[in-house]
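See below for the structure under consideration.
Readers should treat all values here as calculations from the given coordinates under stated rules, not as data from a laboratory. These figures come from a predicted structure and were not determined experimentally. Neighbour counts run over all protein chains shown; Cβ positions are idealised from the backbone, glycine included.
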Amino acid sequence: MSDFEKYTIDIAAHPMLERAKELGFLTTFDRAKAQEPRCNFGNTGICCRICIQGPCRILPKKPGANKGICGAADYTIVARNTVRLIAGGAAAHSDHGRHIAETLLHVAEGKLKDYRVTDVDKLMTVAQKIGVATEGRDVNAIARDVAQAALDEFGRVSEYPKLTWITNTVTEGRLKKFNETTIMPSGINLSLAGLLHQTHVGNDADPINLIFTGLKAALCDYDGMHLATDLSDILFGTGVPVVTEANLGSIKADKVNIALHGHNPLLSQMVVAAAKEMQAEAKAAGAAGINLVGICCTGNEVLMREGVAIATNFATQELAILTGAMDAMVVDVQCIMPSLRSLAECFHTKIVTTMPIMKIPGSYHYAFDEYNALDSAKNIIRLAINAYKERDASRVSIPQIKHTVVAGFSLESLMSIFKNINPDNPIRVITDAIKAGEIKGVALFAGCNNLKGQHDNNHTEIAKGLARNDVFLVATGCAAQAFAKEGLLNGEGVAKYAGEGLKKFIGRLNEKSGLTADLPLIFHMGSCVDNSRSNDFQTMIANEMGVDVSDIPYVATAPEAMSEKSVAIGSYHVAMGTPTHVGVIPPLTGSSLVHEVVTKIAEDVFGGFFIFEADPHKAVNRLVEVLEERTWKLAMRAKAAQALAEQQ
């Protein structure tokens, strides 16, 4: 096995890594290798940098060094570090949601000429769910109240009322559990500020109290994500099934190539719209047209709604530039490597930053202007067209590797397919399949790339293993893009990897789907902020089965978790009652107490718990075991209820 094969399973990446080596450019894979060996204090979570007396590193067997300078024990330090990660992730997702909410409010007030309410049905559904009156009211009036309700989630400064998007989207059992355990938040900003205060030096030293506050922040993450997805669907349309392609072969040598990268769809949607209008300008410059591709979750957003092809995911974002054919990379926020700018100097590529909180020295900055969004997008595209004129064709090298992708499975589109089988109660299509033993349950794949392991390997190996065990699979974020690049988001993936029960189930959906393409092995539900689609799916299953979400055969896995957002997502899934696998050992092992709480004791309180397992095959076995146990318990409960009914 070559070094490149050890780095990543993505065969399109291998020639690009060879090219980087020839250029003398050190990619993220080289930088990850250079970080070895990692600091064991940091790896285990027992390095404290909360004040500047430190950093304090815990040596359990050394008197005096077994605690920090202030006297903080290992369990306090590990807990504080962990909940601060949750706060960072929740801040990122919720700030994204706040930005979308502000834009919807300005649309409703008639202030923006380039945005509009695209999905009126989704607006009505969301309004009714959160208690906004709809009957006899103008669309913009409803949109204004929905947007204001979303913005109220951030600024509330008292403990009541509680967060609207949680209160109206989870089961009654979960809501009761959140209130009983005092983790139900009322305001996003209030909860995150409170957590940072609580973890300041000289404050809370109780690891259990810290963990519960962390879970409160994690629920803020859920709330911010949910409203972000809902309002994005209202503004830009709810995803419907699309057929496109993925991997570096989606970059076209004869076209002006623009990559949309980051996590916020506000500008990327405008770039898509502008590109449709500006094909002639690109042709006048000698190109065959404009080709848009996506990277990370901005890519997932425009894939879901517009069918834009996926070029690659987080860890291999640099490789899109190494093709020599990328004319501009337009970035917004989150998961954007600063190294992109230095690599762009080797080519003609223009790096364009667009948001005030994400700038890279030396890049072009086109400040996002919601009042003139389409004009901003056109200016960016013209920059790319001019860059195309500078492109050196002799330096273009695009791996001709790509796979067909069938994506766009919002919960609404998934239910639309189910409705073709059961018009009266669509969710019973999957609950009946679970009860019949045709499928073992559902698994959500989420999360990033993490170069502590082989890029994309954990994602794909776990997915294949669960599919063979007849588990219905949904995915978001960079996990979904790993599957897209590997050819698992199409019908061929079903034929190759699905067990007989899953194959039969998807086959039945295919017969009634009404689509021209076969359904995929894994259903792409959107960006990482769209994990709320999966949570709503989970809640629908639980309500149909008459139990709480902590009882249903539904698991989550983040095979290559990396960012603070992953920590927040995983934590709220545990609070939701979901067994949650993480394929990278997190910085928790420095405290056996904290480790025991999140992997074992959490189950007693919430029903959910973490499974930390780096070996993908062991992870598959454990996840299947959990699903089978939950399915068995449901069956036993049903038998007991039937026996009781017969006695009466």
Vicinal HN-Hα couplings computed from phi for the stretch 395-405 (Karplus, 6.51 cos²θ - 1.76 cosθ + 1.60; Hz; Gly/Pro x): 9, 7, 8, 10, x, 7, 10, 7, 9, 5, 10
Part-to-part distance (alpha-carbon centres) for the stretch 240-297 and the stretch 1-79, which is given in Å: 36 Å
Rounded to whole Hz, the Karplus (6.51, -1.76, 1.60) HN-Hα couplings of the stretch 124-139, x for glycine and proline: 5, 5, 5, 4, 5, 5, 9, x, 8, 5, 10, 5, x, 10, 5, 4
The stretch 403-647 - Rg over Rh from alpha carbon coordinates, Kirkwood radius: 0.96
Potential extension, Gln53-Lys639 segment - 0.36 nm per residue separation minus Cα distance: 204.8 nm
Ile601-Ala284 FRET efficiency (beta carbon distance; Förster radius 56 Å; 0.05 resolution): 0.30
Fully extended contour minus Cα-Cα distance, from Ile208 to His617, at 0.36 nm per residue: 144.0 nm
For the stretch 331-482, alpha-carbon Rg over 2.2 N^0.38 Å: 1.47
Estimated 222 nm signal from helices in the chain, with DSSP H stretches of n ≥ 4 weighted -39500 (n - 2.57), rounded to 500: -16000 deg cm²/dmol
For peptides 64-73, 531-540, 137-146, 409-418, sequence by mean Cβ density within 10 Å, most packed first: 531-540, 409-418, 137-146, 64-73
Linear extension gain, Asn420 paired with Leu593, 0.36 nm per residue minus alpha-carbon span: 57.3 nm
For the stretch 157-191 and the stretch 317-371, distance of Cα centres in Å: 38 Å
Cβ crowding within 10 Å averaged over residues, with 199-211, 8-20 ranked highest first: 8-20, 199-211
Alpha-carbon Debye profile of the stretch 74-236, log10 I(q)/I(0) at 0.09, 0.10 Å⁻¹: -0.33, -0.40
Per-selection Kirkwood Rh - the stretch 248-395 (Cα, Å, 1 d.p.): 14.7 Å
Gyration tensor (Cα) of the chain, equivalent ellipsoid semi-axes in angstrom: 36, 31, 27
Cut-off 18 Å (backbone N to label point 7 Å along Cα→Cβ of Cys39), residues of the stretch 53-72: 53-60, 65-70, 72
Cα centroid separation - the stretch 582-604 against the stretch 122-150, whole Å: 41 Å
Peptide ranges 573-586, 123-136, 614-627 listed from the most packed, as the mean C-beta count within 10 angstrom indicates: 573-586, 614-627, 123-136
Distant-in-sequence amide H partners of Asn257 (H built 1.01 Å from N, under 5 Å): Asn291, Asp327, Ala328
